[in-house]
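To start, the structure under review is shown below, and the notes come after it.
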Amino acid sequence: MKRVSGLLLSLGIALAPGTLRAQDAWPMRPITFLVPYGAGGYTDLVARLTAHYVEGALGQPVVVENRPGAGGIVGTQAVVNAVPDGYMFCVCSIGAISVAPFDPNQKVGYDPVADLAPVGVVSSIAQVVIVRKSLPVNSMAELVSYAKANPDKLNYSSSGVGGLTHYSVELFKARTGTTAVHLPYKGGAPSTTAVLAGDVDFAFANMTDGLPQVQSGGVRGLAVTSLKRSTYLPDLPTVNETVLAGFQVETWNGIMAPSKTPEPIVRRLSETLIRMADDPSVKEAMRRAGADTVKTTPAEYRAQIQQEIAQWKPLIAEIGEKK
């Protein structure tokens, strides 16, 4: 038996010690951050900022790969299916994690709690309600009035079916009794560009996508979706203080791994992300984009997701009942 054990050890077949050595040496080759949205949007920006920092901290290249589709579901599923060896991570967001999996109209093949390992939230932002400049509305109250006077005439864009920029408008419609046609795009950047070009009437855009367009005057900003006014657009009211008391929609981006990724790898990357949140250059880059850095442990991230699921499940039911 000792001879067999010795042979297995010499061949590296003793899994526990070998695995530990591999984890201690991680990373030994390039890492992939998969972005389940198109290039140029909020999640893509966060992914590239994070990849740059992690490269410097861990000493290995971090490749950012965009795989958009179905509001983030397609790319998230790809990470769920990936080998859990610490070389594939998802730059996830709330829509494909805490919302879409519980919508009976969505085809989601993963359980966001069981099939993914939270590493850490990286940033958070509110949304800004934007309209094309030629639309004759200048406030949230006017948008609601216009929608009611012109049923099914308005349309809105989103980053894709199942994303939070989709669900936030659906929740708004359900609570105001209005209608609008959904025009999904493959990411926040093209969704916002469609409003800028006048091809779409309005959008609840992520702050990073909508902020520069509002500041440049290319679109008209009506309100923000946080409970309190945003420091990035302090002159804009909130939806909460105008037409819907209590309305709040905010999103985040965080790093998640396939569920069986070794815990030492998850822990090391989590510690790296926590340090990144205090890096002055990262904080400034996020600030310029209208986002805030966030620090969470894997356990805190998991608890946040579970809390959001509990919040959004009844809201999804409310949206469905009022359609």
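The values are calculated or read from the model by the stated rules, or taken from the named source; none is laboratory data. The shown structure was predicted, so the numbers you read here are calculated from the model rather than taken from an experiment. Here the Cβ is made from the backbone with ideal geometry for all residues, glycine too, and neighbour counts use every protein chain on show. Side chains included, ligands, DNA and RNA excluded: accessible areas come from the protein's heavy atoms. Shrake-Rupley method; radii C 1.70, N 1.55, O 1.52, S 1.80 Å.
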Q: Could you check how many residues of region 145-165 are surrounded by fewer than 24 Cβ atoms within 10 Å (Cβ to Cβ) and closer than 30 Å to Glu65 by Cβ?
A: 1
Q. When you go through (1) modelled with pLDDT of 95 or more; (2) within 18 Å of Pro184 (Cα to Cα); (3) of a type in the set (Gly, Ala, Ser) one by one for Gly95, which number turns out not to apply?
A. (1)
Q. Out of all the residues in region 194-232, which are in a loop (DSSP other than H, G, I, E, B), open to solvent by less than 30 Å² (accessible area, probe 1.4 Å) and in contact with a strand residue (DSSP E or B) (Cβ under 8 Å, 6 or more places away or on another chain)?
A. Val200, Asp201, Val219, Thr225, Ser226, Ser230
Q. Can you pull out the residues in region 233-261 that are over 20 Å from Pro112 (Cβ atoms), open to solvent by 10 Å² or more (accessible area, probe 1.4 Å) and either among the β-branched types (Val, Ile, Thr) or over 19 Å from the mean Cα position of the chain (by Cα) (or both)?
A. Leu233, Pro234, Asp235, Leu236, Pro237, Asn240, Glu241, Thr242, Val243, Leu244, Ala245, Gly246
**Q.** Looking only at region 180-193, and only at residues there that are hydrophobic (A, V, I, L, M, F, W, C) and open to solvent by less than 40 Å² (accessible area, probe 1.4 Å), the one that is farthest from Gly69 (Cα to Cα)
**A.** Ala180
Q. Within region 269-287, is even one residue buried (at least 21 other Cβ atoms within 10 Å of the Cβ), within 18 Å of the chain's Cα centre (by Cα), of a type outside the set (Ser, Thr, Tyr) and at pLDDT below 95?
A. yes
Q: Can you run down the residue pairs with Cβ atoms below 9 Å, 6 or more apart or on separate chains, where the first is in region 107-132 and within 15 Å of Pro298 (Cβ to Cβ) and the partner is of a type in the set (Lys, Arg)?
A: Val113/Arg302; Ala117/Lys260; Ala117/Arg302; Pro118/Arg302; Val119/Arg267; Gly120/Lys295; Val121/Lys295
Q.
Please determine whether any residue of region 169-176 is out of contact with any His (no Cβ under 9 Å at 6 or more places or on another chain) and open to solvent by 60 Å² or more (accessible area, probe 1.4 Å).
A. yes
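Residue-wise test of (1) under 18 Å from the mean Cα position of the chain (by Cα); (2) not β-branched (Val, Ile, Thr).
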residue	(1), (2)
Val131	no, no
Tyr146	no, yes
His182	no, yes
Lys186	yes, yes
(Q) Only one of Ala114, Ala39, Ala57 is at pLDDT below 95, open to solvent by 40 Å² or more (accessible area, probe 1.4 Å) and either in contact with a Lys or Arg (Cβ under 8 Å, 6 or more places away or on another chain) or part of a loop (DSSP other than H, G, I, E, B) (or both). Can you tell me which? (A) Ala39
(Q) Name the residue that is surrounded by the fewest Cβ atoms within 10 Å (Cβ to Cβ), counting only residues in region 288-299 that are in contact with a helix residue (DSSP H, G or I) (Cβ under 8 Å, 6 or more places away or on another chain) and within 14 Å of Leu45 (Cβ to Cβ). (A) Asp292
